[in-house]
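Reviewing the structure listed below.
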Amino acid sequence: MMTLVLGLLSISGLCAVLALLLEAAYAVFADYGPCRITINEGAKEFTVKGGGRLLGTLMDQGVFIPSACGGRGSCGLCKVTVLQGGGPILPTETPYMNDEELRRGTRLSCQVRLRGDVQLQIPEAFFLIKEFRTQVVGLKPLTPSIKEVHLKLIEPQEIVFKPGQFIQFQVPEYEGSSEPVYRAYSIASPASLKTEIKLVITRVERGIATTYIHDFLKEGDEVLINGPYGDFYLRHSNRPMVMIGTGSGLAPLLSILFQMADEHIDRPCTLYFGVRSRQDLFYQEEIHQLMGMLPRLRYVPVLSQPLAEDHWDGETGYVTDAVARGVSDGSQLEAYLCGNPLMINAAVKLLTERGVSEDRIFFDKFG
Amino acid sequence: MENPLSAPLIFFASIFTNNILLANFLGMCSFLAISREIPSAVGLGLAVTFVMTCTTALNYLVYHYLLVPFQLVHFRFIAFIVVIAAFVQLVEMVIDRYSPRLYVVLGVFLPLITVNCAILGVCLFMVIRQYNFVQSVAYGFGGGLGWLLAIVALAGIREKLKKAPIPKALEGPGISLIVAGLMALSFMAFSGMISMG
Ligand SMILES: Cc1cc2nc3c(=O)[nH]c(=O)nc-3n(C[C@H](O)[C@H](O)[C@H](O)COP(=O)(O)OP(=O)(O)OC[C@H]3O[C@@H](n4cnc5c(N)ncnc54)[C@H](O)[C@@H]3O)c2cc1C
Ligand code: FES
């Protein structure tokens, strides 16, 4: 008995001593002191505590860099040019850079650890990106796995965005995640509605953000978002358009269509919407309302696995199959795609084969 | 009774004749995983050497001044592993601070040093063979350098193998294991020279 107690005490003592030593070492080694960040030759400057990642540190200072993966180094969106400091480029960054970017010192800000003073160059447009305090004023299931999240802006009270752009939604610490995380969601509502936004969010099995949003978020909750981000938006031309969306990928397309209705942009446009069965088709009323306002809008819902009770006589198969049947000559077309990466890759391949030039295909991959 | 071998002899023996990796086959997982390129192999080898040297010294003190007096020697596995784990964390902090590139390359493998059985093996051999403090440190340092030598040699060979026509079925881990086996065979030639007990 005595041996056991002594043994436990000694081992615990040993662990305690080691833990203290580690704490002391951490205080020494992880202390990078104050670091100075200079942006665009002094347009913005601040001194911050070193040691953190550049993306998060900038965000704390109110400078928001686009990011869709929440800093995991997998979206490649958070690029900034580091003119000075920042250390060597890491193997996690190089896959996202072309030769020109490598030469200029482009870096993924979520991978750069702030270990000293840095000088950065970022596009002026990034300064327009803000953080918004919002309140959930509506949560509506659209299909068994998709929910509409309706947010009213509290501070600042208005958001200016281009239809098609997305925001970053901050999921706070909760039982599924020990730290706040950010995820990208496209804005589904019209840009003319400046004081509120709607998001359309698909549940992902065991997903950190979507589990929170589907199971924990309640009406009345406050939510922090930042944005707007992205270069997926309507290009002004007179070309006929084809839009292809799957699942929640309909969101930004709808926002673009609202803009066309608001601005009386009367272009021929075919909207292909691919889902599994009839119960997954959402926003049908909105689409029909838009068809009333946009006389040259054609809507093609495509079901990949219609159920017997659906009594479906419309298009079936993958959405790209329907596009293949519907588009024969793409040389004049402009294409807007949004949804899962597999669909996008297949659609880009198909459209280029049908003569749509690559610089006229715009997409947002929800990957 | 103390071990009669002198510290320098133990040092050289643990590098060449009794290489912990190629004679005892300890620490194989990281040996195979991080030996694709010489620079990362050198980095991991140096980190293992550093951890091995320091942890043998620390564990010697823990064993002889904590576990033996309190008759707790049967706790040595836990005690040794805790010391090794703490030390690896320290090394991780140092590498993160001074060589971010190496930190990313070693990535998930750094914490793996904690469970690198070569390190625990060296600490346990030091006890079984009844080395004194100087002998233990010499053994730890030599053991680490031996491991470094083996992994860098394998990395060198694997870099050459990238251009070699290898049968499809043997590419990757297969050919690495065969090479490691051949290396062990050649090191066996040394094995009769010194008996470390
Ligand atoms: C520009 C952009 C706009 C986006 N807009 C929307 C939008 O409007 N609506 C929307 O619902 N989503 C949208 N997304 C996707 C969204 O940002 C998240 O990636 C998604 O909601 C999953 O987050 P999570 O935290 O729940 O899952 P995570 O915790 O990130 O992932 C959990 C697991 O699920 C896997 N996984 C992640 N996403 C998917 C997926 N889509 N399908 C299958 N497996 C997956 C992961 O690999 C991981 O293994 C957008 C993404 C981008 C880049
Ligand atoms: S935030 Fe996605 S790569 Fe940096």
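FYI, it's all coordinate maths here, none of it is from the lab. Since this is a predicted model, take the numbers as computed values, not measurements. With ideal geometry, Cβ positions are generated from the backbone for all residues, glycine too; neighbour counts draw on all protein chains shown.
Taking a temperature of 37 °C and a viscosity of 0.692 mPa s, what whole-number D in µm²/s does Stokes-Einstein yield for the stretch A:194-300 with Rh from Kirkwood over alpha carbon pairs?
D = 208 µm²/s.
Within the stretch A:232-248, whose backbone N sits under 18 Å from a point 7 Å along Cα→Cβ of A:D359?
A:232-240
Pop a pseudo-label 7 angstrom from the Cα along the beta-carbon direction at both A:E173 and A:E100 and give the gap in nm to one decimal.
Distance between the two pseudo-spin positions: 4.4 nm.
For the stretch A:282-367, what is the Kirkwood hydrodynamic radius in Å, using each pair of distinct C-alpha atoms?
The Cα-based Kirkwood calculation yields 14.4 Å.
What does the C-alpha gyration tensor say about the overall shape of chain B? Classify as rounded when a/c is under 1.5, otherwise prolate if a/b is larger than b/c, or oblate.
Oblate, since a/c reaches 1.5 and b/c is not below a/b.
Report the label-to-label distance for A:R206 and B:F12 in nanometres (one decimal), using points 7 Å from each Cα along the Cα→Cβ vector.
5.5 nm
Can you give the helix-only mean residue ellipticity at 222 nm for chain B, where every DSSP H stretch with n ≥ 4 adds -39500 (n - 2.57) and the sum goes over all residues, rounded to the nearest 500 deg cm²/dmol?
Computed ellipticity for chain B at 222 nm equals -21500 deg cm²/dmol.
Pop the C-beta distance of A:R36 and B:L170 into the FRET formula with R0 = 60 Å and round what comes out to the nearest 0.05.
My answer for the efficiency is 0.65.
Given a cut-off of under 8 Å on Cα pairs at least six residues apart, what relative contact order in percent is computed for chain A?
Computed over chain A, the figure is 12 percent.
Give the peptides B:41-48, B:132-139, A:42-49, B:93-100 in descending order of average Cβ contacts within 10 Å, highest first.
Put in order of decreasing packing, that is B:41-48, B:132-139, B:93-100, A:42-49.
Taking +1 at the Cβ of each Lys and Arg and -1 at the Cβ of each Asp and Glu, which of B:Y103, B:F50, A:S277 sits farthest along the dipole of the protein assembly as shown towards its positive end, judged by Cα position relative to the Cα centre?
Value computed over the given set: B:F50.
Just round it to a whole percent: the fraction of Cα-Cα distances in the stretch A:32-126 exceeding 22 Å.
Beyond 22 Å sits 18 percent of the P(r) for the stretch A:32-126.
Here are some pairs, A:K130/A:K162; A:K349/B:K162; A:K194/A:K218; A:K79/A:K152; A:K130/A:K194; which of them have Cα atoms lying more than 24 Å apart in this structure?
Over 24 Å Cα-Cα: A:K349/B:K162; A:K79/A:K152.
Quickly estimate the mean residue ellipticity at 222 nm for chain A, helices only: each DSSP H run with n ≥ 4 gives -39500 (n - 2.57), and the total goes over all residues, rounded to 500.
Roughly -7500 deg cm²/dmol at 222 nm, from the helical runs in chain A.
Gap in Å between the Cα centre of the stretch A:229-272 and the Cα centre of the stretch B:81-136?
57 Å
Measuring from a point 7 Å past the Cα of B:H74 along Cα-to-C-beta, which residues in the stretch A:1-25 have an amide N at less than 12 Å?
A:1-5, A:7
Work out, step by step, the length gained on full extension between A:M291 and A:L139: first 0.36 nm times the residue separation, then minus their alpha carbon distance; give nm to one decimal.
Fully extending the segment from A:M291 to A:L139 adds 52.2 nm.
Only helices at least 24 Å long along their own axis, judged from Cα atoms, and with Kyte-Doolittle mean hydropathy of 0.0 or greater: name those in chain A from DSSP H.
The qualifying helices are A:2-29.
Quick one: length gained pulling A:S328 to A:N345 fully straight, 0.36 nm per residue minus the C-alpha distance?
4.3 nm
R0 = 30 Å: FRET efficiency of A:E45 with B:A33, Cβ-based, nearest 0.05?
0.10
Which is farthest toward the positive dipole end of chain A among A:A251, A:P306, A:L342, measuring Cα position about the Cα centre, with Cβ charges +1 (Lys, Arg) and -1 (Asp, Glu)?
About the Cα centre, the residue reaching furthest to the positive side is A:L342.
With the contact rule set at Cα under 8 Å and sequence spacing of 6 or more, what percent relative contact order holds for chain B?
Reported as a whole number, the value is 45 percent.
Within the stretch B:115-191, which trypsin sites (Lys or Arg not before Pro) sit in a loop by DSSP and count at most 14 neighbouring Cβ atoms inside 10 Å?
Answer by residue number: B:K162, B:K163.
For labels at A:L21 and B:H64 in the simple 7 Å Cα→Cβ model, what's the distance in nm?
1.7 nm
Summing Lys, Arg as +1 and Asp, Glu as -1, what charge do residues with Cβ under 12 Å from the Cβ of A:N340 carry, A:N340 excluded?
0
Can you give me the relative contact order of the stretch A:43-134 as a percent, contacts being Cα pairs under 8 Å and 6 or more apart?
Once divided by the residue count of the stretch A:43-134, the mean separation gives 39 percent.
Sorted from largest down, what three extents in whole angstroms do the Cα atoms of the protein assembly as shown have along their principal axes?
That gives 98, 55, 55 Å along the principal axes, largest extent first.
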